[in-house]
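Contents: one structure, followed by commentary.
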Amino acid sequence: MQKNNTLAIGKIRTSFGVKGFVKIISFSGENDHFYKLEEVILKNNRIQEKKRIEEVFLRENDLIIKFEGIHTPEEAKKYTNWEIWVPREKVCALGEGEYYLADLYGSTLISTPEKGSIIYGKVKSVVCDCGTVDLLEIEAGEDKTKVFLVPFLNKFIGKVDIANKTIELLEEWVIP
């Protein structure tokens, strides 16, 4: 399966100041890669716009960006909750055993080796706006009509094998 060519690296929170700057949430928690960017794609549902970056700086704990063509707080506010997407080679570098949530899509949720070779379903999406925990949305059944959520926590998830597109489920009771 081919990997996504672009990944979301952050989201615009709100406008900042009077010159069209915006505050950013970094999805990785890292900020260094933002300083190296010259151009990004801003996405909101099906709408997307390419934007050049004029300036990036950190103010206290807030990452602040100035995009070309946005000059007022009102213009900046229009981009609240838009995601920031970049080519995969421009995202934050991964550490040992790390992966992007986007790479989980299409993975097969399986049992641990001790329980045999049970296939529970495939990852349809990752729900990330749940507060403290991401959820894997799993499609199951031959007709893929059975859908359930699995908390993406160490208590429930074992080995994640990105190369083989498998994710071990530790707690079967989460399956309806």
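Okay, residues lined up against (1) assigned to a loop (DSSP other than H, G, I, E, B); (2) over 27 Å from residue 162 (Cβ atoms):
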site: 28; (1), (2): yes, no
site: 41; (1), (2): no, no
site: 48; (1), (2): no, no
site: 80; (1), (2): yes, yes
site: 89; (1), (2): no, no
site: 93; (1), (2): yes, no
site: 96; (1), (2): yes, no
site: 117; (1), (2): yes, no
site: 132; (1), (2): yes, no
Inset, instruction - Collect the residues in the stretch 1-15 that are assigned to a loop (DSSP other than H, G, I, E, B) and of a type in the set (Lys, Arg), keeping them in residue-number order. - result: 3
Legend entry - Where a residue in the stretch 104-123 is over 20 Å from residue 142 (Cβ atoms) and its partner, wherever it lies, is part of a loop (DSSP other than H, G, I, E, B), with Cβ under 7 Å and at least six apart: 112/170
Inset, instruction - Within the stretch 30-39, track down each residue that is open to solvent by 50 Å² or more (accessible area, probe 1.4 Å), under 15 Å from residue 59 (Cα atoms) and either assigned to a loop (DSSP other than H, G, I, E, B) or in contact (Cβ under 8 Å) with a residue 24 or more places away in the chain (or both). - result: 30, 32
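Just to verify a result, which residue in the stretch 105-115, among those that are among the β-branched types (Val, Ile, Thr) and in a strand (DSSP E or B), is nearest to the chain's Cα centre (by Cα)?
Step one: list which residues in the stretch 105-115 are among the β-branched types (Val, Ile, Thr), which gives 108, 110, 112.
Filter again for in a strand (DSSP E or B), leaving 108, 110.
On the way: 108: 19, 110: 22 Å.
Step by step, filter the stretch 105-115, then rank; the result is 108.
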Inset, instruction - Could you please let me know if residue 102 is closer than 21 Å to residue 161 by Cβ, touching a strand residue (DSSP E or B) at 6+ places or on another chain (Cβ under 6 Å) and part of a helix (DSSP H, G or I)? - result: yes
Inset, instruction - Please state which one of 153, 101 is among the aliphatic types (A, V, I, L, M) and either surrounded by 15 or more Cβ atoms within 10 Å (Cβ to Cβ) or farther than 24 Å from residue 7 by Cβ (or both). - result: 101
Inset, instruction - Any chance you could count how many residues in the stretch 59-78 are assigned to a loop (DSSP other than H, G, I, E, B) and open to solvent by less than 80 Å² (accessible area, probe 1.4 Å)? - result: 3
Inset, instruction - Could you tell me which residue of the stretch 47-58 is most open to solvent (accessible area, probe 1.4 Å), considering only residues that are acidic (Asp, Glu) and closer than 24 Å to residue 32 by Cβ? - result: 54
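Report, by residue number, each residue of the stretch 112-126 that is open to solvent by less than 70 Å² (accessible area, probe 1.4 Å) and at pLDDT below 90.
Listed by number, the residues that qualify are 112, 116, 118, 125, 126.
Would you point out the residue of the stretch 16-26, among those that are small (Gly, Ala, Ser) and either modelled with pLDDT of 95 or more or assigned to a loop (DSSP other than H, G, I, E, B) (or both), that is nearest to residue 84 (Cα to Cα)?
Within the stretch 16-26, the first condition is being small (Gly, Ala, Ser), and the residues that meet it are 17, 20, 26.
Next cut, either modelled with pLDDT of 95 or more or assigned to a loop (DSSP other than H, G, I, E, B) (or both) only: 17, 20.
Working: 17: 20, 20: 16 Å.
So the residue we want is 20.
Given 55, 60, 30, which one is among the charged types (D, E, K, R) and modelled with pLDDT of 95 or more?
On the way: 60 fails: modelled with pLDDT of 95 or more; 30 fails: modelled with pLDDT of 95 or more.
Checking each option against the conditions leaves just 55.
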Inset, instruction - Say whether the condition of being open to solvent by 30 Å² or more (accessible area, probe 1.4 Å) and under 24 Å from residue 48 (Cα atoms) is met by at least one residue in the stretch 132-144. - result: no
Legend entry - Flag for residue 89 being closer than 30 Å to residue 122 by Cα, acidic (Asp, Glu), without any contact (Cβ under 8 Å) to a residue 12 or more places away in the chain and open to solvent by 30 Å² or more (accessible area, probe 1.4 Å): yes
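The values are calculated or read from the model by the stated rules, or taken from the named source; none is laboratory data. Quantities reported herein were computed from a predicted structural model and do not represent experimental measurements. Note that we place each Cβ from the backbone using ideal geometry, even for glycine, and neighbour counts take in every protein chain shown. What goes into the accessible areas is simple: the full protein's heavy atoms, side chains included, and nothing from ligands, DNA or RNA. Shrake-Rupley method; radii C 1.70, N 1.55, O 1.52, S 1.80 Å.
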